[in-house]
1. Name the one entry in Leu54, Leu84, Leu63, Leu101 that is crowded, with 20+ Cβ neighbours inside 10 Å and either farther than 29 Å from Gly158 by Cβ or touching a residue at least 24 places away in the same chain (Cβ under 8 Å) (or both).
2. Can you pull out the residues in segment 253-270 that are assigned to a helix (DSSP H, G or I) and under 22 Å from the mean Cα position of the chain (by Cα)?
3. Does Leu301 qualify as being in contact with a Gly (Cβ under 7 Å, 6 or more places away or on another chain), in the same structural domain as Ala389 (by TED's automatic domain parsing) and without any contact (Cβ under 8 Å) to a residue 40 or more places away in the chain?
4. Report whether or not Glu33 is free of Cβ contacts under 8 Å to residues at least 40 places away in the same chain and of a type outside the set (Gly, Ala, Ser).
5. Among the residues in segment 258-275, are any closer than 16 Å to Gly205 by Cβ and of a type outside the set (A, V, I, L, M, F, W, C)?
6. Among the candidates Ala21, Ala89, single out the residue that is surrounded by 17 or more Cβ atoms within 10 Å (Cβ to Cβ), touching a strand residue (DSSP E or B) at 6+ places or on another chain (Cβ under 6 Å) and not basic (Lys, Arg).
7. Can you go through Ser210, Ser228, Ser251 and tell me which one is over 21 Å from Gln315 (Cα atoms) and at pLDDT 95 or above?
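The values are calculated or read from the model by the stated rules, or taken from the named source; none is laboratory data. Remember, it's a predicted structure, so these values are computed and weren't measured experimentally. Here the Cβ positions follow ideal geometry from the backbone for every residue, glycine too, while neighbour counts run over all protein chains shown.
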Amino acid sequence: MLQGKRIVLGVTGGVAAYKAAVLTRLLLAAGAEVQVALSEAAAGFVSPMTFQALSGKPIMTRLEDARVDNGMPHITLSRAADALLIAPATAHFLARAAQGLADDLLTALALARACPLLVAPAMNRQMWEHPATRRNVAQLRADGVTVLGPCSGLQACGEEGEGRMLEPEMLVKALVAFFAPKVLAGEKLLLTAGPTFEAIDPVRGLTNLSSGRMGFALAEAAANAGASVTLIAGPVAQPTPFGVERIDVVSAREMRVAVLERVAEADVFVSVAAVADYRPAQAAGRKIKKDAEGLPMLELLPNPDILAEVAALPQPPFCVGFAAESENLETYAQAKRRRKKLPLIVGNLIQDGFGGVSNRVILFDDAGAHPLPFADKATLARQIVDNIAQRLARNQGKEPA
Ligand code: CTP
């Protein structure tokens, strides 16, 4: 996801410095090239040797360094970088960077850089809330610096509040988002994902094996592409994608209400959810007992078709459907697309992707079938997002972004 990206990771002297070691590994695993630079205080928390072993590169800690040809790592390092990420960034670092001081390697790197600067603040909650830190962060933002986090939680000092560095996994996601081309900038996307659960009684219900992975991957790819994304999710255990607003629902009827409440603002509606076609006519208010009541007779009622209803609105958003079939993919998917009046439907064979991490999908539109190569769902999600962006641009008479 960060293939070929050259990251200079600057680590300042806070307790969260130990997490920068994990971050180094994750950045490398995502395909990035990582050059670590430590402040002298950071080297007191985690040994430069740890970072050298992890990154396979000598670690810079000082303003003058004879190992760099011109002796000036603050120039050389930033010239060869696609981004400078300071994680953790202490209150002291933020204050000096906001003022343009350059009294050590990391502040000099920030000042001399020819690439974007991202900072991941980490400090005690009082320090984060202090007006001086607020001023410094506002100044950095005004200067074009991207501020990632912090988040809330238990702090190393034992207090609880805002000031924790984002977890390394989140920082990698934030970097991926930062680099993604903003092909959906300014667009509002509404998505559904996961299964629905139709209650029989308080503990039983009708549902299906949808993992939600494709819908969540699409929500993440769309948010990374600059869209403002609302994801309406059935009951799944997927983590909420970075930068996505998530609304949890259980049944198809709840999903329908959540969609209809928000669809007027949406430019695009992507219906990935495996909505249960039927629900029990009545959900028992208490657990059904097998001995006393025998086998319950399930009377079923059809659920509303959310996608068809949205596509039939007087001014519908650009609607994208999904069709998972076990056979005759093209015939069934195209029939669904025409019946629901959709410009685009994404089809796949259940045996290729349902519940798994990868899939083989084909895009169907008026012009026919457009297969995408077999890939993991994150890669497919990026390609589908690009495809939607191109269609929107054509509809709006614009050159694709
Ligand atoms: N869909 C929906 N509401 C429903 C059922 C489906 O919004 N009640 C959406 C799905 O999110 C998907 C598309 O419609 O985008 C799937 O079409 P559909 O014909 O309903 O698919 P299946 O339910 O799989 O139909 P069948 O069981 O006949 O194959």
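1. The unique qualifying residue is Leu84.
2. Matches in segment 253-270: Met255, Ala258, Val259, Arg262, Val263, Glu265.
3. Taking the combined requirement at face value, the residue does not satisfy it.
4. yes
5. no
6. The unique qualifying residue is Ala89.
7. After ruling out the rest, the residue left standing is Ser251.
This table checks each residue for (1) at pLDDT 95 or above; (2) over 23 Å from Pro195 (Cβ atoms).
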| residue | (1), (2) |
| --- | --- |
| Val236 | yes, no |
| Glu261 | yes, no |
| Val270 | yes, no |
| Arg279 | yes, no |
| Leu298 | no, no |
| Asn303 | yes, no |
| Val310 | yes, no |
| Ser326 | no, no |
| Gln334 | yes, yes |
